[in-house]
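To start, the structure under review is shown below, and the notes come after it.
The values are calculated or read from the model by the stated rules, or taken from the named source; none is laboratory data. These numbers were taken from a predicted model, which means no experiment stands behind them. Using ideal geometry, Cβ is built from the backbone for each residue, glycine included, and neighbour counts are taken over all protein chains shown. The accessibility values were calculated without ligands, DNA or RNA, using every heavy atom of the protein model including side chains. Shrake-Rupley method; radii C 1.70, N 1.55, O 1.52, S 1.80 Å.
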Amino acid sequence: MPLDDGSSGGGGGGGRSPSRNVLGERLEPCSLTPVTGFFRDGCCNTGPADRGSHTVCVVATAGFLEFSRSRGNDLSTPVPDYGFPGLKPGDRWCLCAPRWQEALDAGLAPRVVLRATHEGALHHCELADLKRYAVDLS
């Protein structure tokens with residue numbers, strides 16, 4: 001199944017089917033506060049321009065934010081020039097799937113919102129691992 005290139009805003013316009021999550025359902029928004037997503041549409045949509053695969057909707061933790069900073073990606077410091085408020089524990093964010101996998105391997109993976117995690121994450125992460133960290137499975 002081709003991944004949404006973002007030109008439809010993830011809504012399936014132009015005759016495209018809507019983006020899907022890792023459960024095979026319609027992709028749900030991850031966060032509008034702060035606004036997340038490679039396309040800054042609140043969803044973890046992806047496409048050819050998204051080389052980092054910003055597809056995993058996570059709930060940030062202090063441990064993960066420190067881990068990310070130690071790997072050269074400071075997500076907690078505000079960058080006003082880009083309208084980025086900085087993340088704090090509890091914020092939801094579309095994270096690069098390879099970074100989530102790296103955090104998992106280091107024992108610091110944040111929790112995951114499966115219904116808001118794009119199916120493209122499965123190119124980098126195992127569904128069973130994502131499910132172990134899910135906040136939205138009953």
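For the structure I just gave you, tell me whether P98 is out of contact with any helix residue (DSSP H, G or I) (no Cβ under 9 Å at 6 or more places or on another chain) and surrounded by 14 or more Cβ atoms within 10 Å (Cβ to Cβ).
Details: out of contact with any helix residue (DSSP H, G or I) (no Cβ under 9 Å at 6 or more places or on another chain): yes; surrounded by 14 or more Cβ atoms within 10 Å (Cβ to Cβ): yes.
Spelling it out, P98 is indeed out of contact with any helix residue (DSSP H, G or I) (no Cβ under 9 Å at 6 or more places or on another chain) and surrounded by 14 or more Cβ atoms within 10 Å (Cβ to Cβ).
Of all the residues that make up region 15-45, how many are aliphatic (A, V, I, L, M) and within 20 Å of H123 (Cα to Cα)? Full working, then the answer.
In the first step, residues of region 15-45 are kept if they are aliphatic (A, V, I, L, M); the result is 22-23, 27, 32, 35.
Narrowing the set further to residues that are within 20 Å of H123 (Cα to Cα) leaves 22-23, 27.
Total meeting the criteria: 3.
The rows are residues; the columns are (1) open to solvent by less than 70 Å² (accessible area, probe 1.4 Å); (2) among the aliphatic types (A, V, I, L, M); (3) farther than 23 Å from L27 by Cβ.
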residue	(1), (2), (3)
D74	yes, no, yes
F84	yes, no, no
W93	yes, no, no
A106	yes, yes, yes
A109	yes, yes, no
E119	yes, no, no
R132	no, no, no
D136	yes, no, no
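Among R40, R92, R16, which is the only one that is modelled with pLDDT under 95 and under 15 Å from the mean Cα position of the chain (by Cα)?
Working: R92 fails: modelled with pLDDT under 95; R16 fails: under 15 Å from the mean Cα position of the chain (by Cα).
Going through R40, R92, R16 in turn, just one is modelled with pLDDT under 95 and under 15 Å from the mean Cα position of the chain (by Cα): R40.
Of all residues in region 50-77, count the ones that are closer than 22 Å to H123 by Cα and either among the charged types (D, E, K, R) or under 10 Å from the mean Cα position of the chain (by Cα) (or both).
10
Name the single residue that is surrounded by the fewest Cβ atoms within 10 Å (Cβ to Cβ) among those in region 49-65 being part of a loop (DSSP other than H, G, I, E, B) and touching a residue at least 40 places away in the same chain (Cβ under 8 Å). Walk me through how you get there before you give the answer.
Within region 49-65, the first condition is being part of a loop (DSSP other than H, G, I, E, B), and the residues that meet it are 49-53, 60-61.
Retained after the next criterion (residues that are touching a residue at least 40 places away in the same chain (Cβ under 8 Å)): 49-50, 52-53, 60-61.
Numbers: A49: 10, D50: 22, G52: 14, S53: 23, A60: 20, T61: 17.
Looking at the filtered set, the residue picked out is A49.
Give just the number: which of (1) part of a loop (DSSP other than H, G, I, E, B); (2) over 21 Å from G120 (Cα atoms); (3) open to solvent by less than 70 Å² (accessible area, probe 1.4 Å) does K88 not satisfy?
Here K88 meets the rest and fails (3).
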